[in-house]
Ligand code: ADP
């Protein structure tokens, strides 16, 4: 059986952190559209050049570009037994595309919506720092590195992501509200397997236990998991 997990939630809801922990449990790849797009920007290739200004402004990259990127990634051999999607789908066109892809292969997904308070999200995003080499995320308040401004793992100088500046954060959150949040209703109405987890204030490892529990629960349909 293919394990298809979709981690859904606002920017800063902890999808990336959960996906990183979960991939070690499930032994399937963590597929983050944001990371893939940033990788193209770093490589300076045609796609990277095309998406850089859109990402820098906090707007969403075009659906056809992202759909293609994900489809190519899902075709890689390491995704054969499953995958964790982080940051995809984010619009109804992407959700329809993904559902078609999954249904065409008889794969049943689990969508996990991580619910986090808005104020907590803003604090997390503004304090976020990332290692440009290994991608590890820190927060200057809640999870600082051992030495200020330096990655614990490889000693690289941490950076503020371009789109973690305050004006851009507000734009990203606005995009989430208008384009992505409505997908929860879409998943529900379409009878997809959707679980909602109250994640505010939960330590990543505790949240992981809950996420694993819902992934393993065999029953179909909509369920709510309270923290
Ligand atoms: P976050 O979830 O914190 O916003 P991501 O790394 O997932 O961070 O996304 C960063 C940016 O990458 C988004 O603001 C958007 O410009 C682009 N992006 C990532 N995933 C998608 C997607 N599925 N559709 C469109 N744009 C995307």
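Here, each number is a calculation from the coordinates, and none is a lab measurement. Just so it is clear, the structure is predicted and the values come from calculations on it, not from any experiment. Positions of Cβ are generated from backbone atoms using ideal geometry, with glycine treated the same way; all protein chains shown enter the neighbour counts.
Before moving on, here are some points about what is shown:
- Point-to-point label distance, residue 43-residue 203, nm (Cα→Cβ direction, 7 Å offset): 3.9
- Extension gain, residue 139-residue 27: 0.36 nm per intervening residue step, less the Cα-Cα distance, totals 37.7 nm.
- DSSP assigns beta bridges within the chain; of those with both partners inside it, close to 20 percent run antiparallel.
- Listed residues 100, 127, 56, most fluctuating in the chain (Gaussian network, C-alpha, under 10 Å): 100
- Relative contact order computed over region 90-227 (Cα-Cα under 8 Å; 6+ residues apart), in percent: 31
- Of all DSSP-defined beta bridges confined to region 26-157, some 60% are antiparallel rather than parallel.
- Taken along the Cα-to-beta-carbon direction at a fixed 7 Å, the label points for residue 212 and residue 2 span 2.5 nm.
- Within a Gaussian network of the chain (alpha carbon springs, distance under 10 Å), most fluctuating of 153, 173, 21: 153
- Over region 16-130, Cα pairs under 8 Å with separation of 6+ residues give a relative contact order of 29 percent.
- Classified by the C-alpha gyration tensor, region 53-96 has a prolate form. Its axis ratio a/c, with a ≥ b ≥ c, is 1.5 or above, and a/b is larger than b/c.
- Of all DSSP beta bridges in region 118-227, antiparallel share, percent nearest 5: 65
- Rounded if a/c under 1.5, otherwise prolate or oblate - region 1-156, Cα gyration tensor axes: prolate
- Anisotropy class of region 87-182 from Cα gyration tensor, a/c 1.5 cut: prolate
- Residue 57 paired with residue 81, simple spin-label distance in nm, labels 7 Å along Cα-to-beta-carbon: 4.3
- Dividing the helix sum by the residues of the chain, where each DSSP H run of 4 or more adds -39500 (n - 2.57), gives a mean residue ellipticity at 222 nm of -13500 deg cm²/dmol.
- Label zone of residue 123 (point 7 Å out along Cα→Cβ, amide N under 18 Å): in region 160-196 this covers 166, 170.
- GNM flexibility winner over the chain from 146, 108, 38 (Cα, springs under 10 Å): 146
- Gain on full stretching of the segment that runs from residue 185 to residue 156 - 0.36 nm per residue minus C-alpha separation: 6.3 nm
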